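Structure, as structure tokens:
The values are calculated or read from the model by the stated rules, or taken from the named source; none is laboratory data. Just so it is clear, the model here is predicted, and its values are computed rather than measured. Cβ placement follows ideal geometry from the backbone for every residue including glycine, while neighbour counts extend to all protein chains displayed. Surface accessibility is based on the protein's heavy atoms, side chains included, excluding ligands, DNA and RNA. Shrake-Rupley method; radii C 1.70, N 1.55, O 1.52, S 1.80 Å.
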Amino acid sequence: MTLLLAMHVDGLVIAAEPSESMLDRTWVPTVVAGWRKGVPAGADLITNDDDGGGGMAAGHLLGLGHTRIGHLSGSDGASAHRRAGFRRRIQAAGVELLIAESDGTWEEDGYTAATWLLDHHPETTAIFAANDTMAVGAFAVLKARGLSVPGDISVIGYDNSPLAKSRYLDITSVDNRSDLVGIDAAHRLLARIEDPAIKPERTLIDPVLVVRSTTAPPAP
């Protein structure tokens, strides 16, 4: 960060968690892409509507007829927003809230969270993972227990990553539209460079549900 500012850049897009020093030293026009713990004063925020996406995932599974839906969640950032949206949609439907929270969102975190979920709630018929990587961890648990996807348990991920798009995995996923987040961040940065005095804005990009082969109605 210090090196970038020393290069006298005209503007900055922050696409990772900013450090305290970054927050203190950001005096050039700045746009933050994605949910972050800290947003520099005067910076714009462009991010996916992860709250809406979490609700969208829950709505898809509820619409298929599932009522025993577990959520594998990370602890903060986008995961917290996805969990909040999932929670609201599930509670609005009057369905029991089943959440297995992990510190991270890697494959191993998904494996550990799915193990806990199925150990404590074996009646689960659907799983919403905070991202596609955690969903892969859940697949490993299901395979080890002789459970099929989606025959026994439906699984939906988030991000519509290359993992979800692979022909082998073919994961139903919520697309976070990271392409549009990047495009909007660039446009907003150019506008802020042209007029640094414009009021900072928060823009939410609507997610899109991509239905593939890992979700289906629960077994009769």
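For the residues 132, 119, 159, the requirement of being open to solvent by 20 Å² or more (accessible area, probe 1.4 Å) and touching an Asp or Glu at 6+ places or on another chain (Cβ under 8 Å) singles out 159. Looking only at region 41-85, how many residues end up being open to solvent by 20 Å² or more (accessible area, probe 1.4 Å), within 10 Å of the chain's Cα centre (by Cα) and among the small types (Gly, Ala, Ser)? Residues meeting the conditions: 3.
Looking only at residues in region 159-216 that are assigned to a loop (DSSP other than H, G, I, E, B), small (Gly, Ala, Ser) and in contact with a strand residue (DSSP E or B) (Cβ under 8 Å, 6 or more places away or on another chain), the one that is nearest to residue 32 (Cα to Cα) is 161. Of all residues in region 101-116, those satisfying the criterion of being part of a helix (DSSP H, G or I) and open to solvent by less than 20 Å² (accessible area, probe 1.4 Å) are 110, 113, 114. Residues in region 199-214 that are more than 20 Å from residue 78 (Cβ to Cβ) and exposed (fewer than 15 other Cβ atoms within 10 Å of the Cβ): 3 in all.
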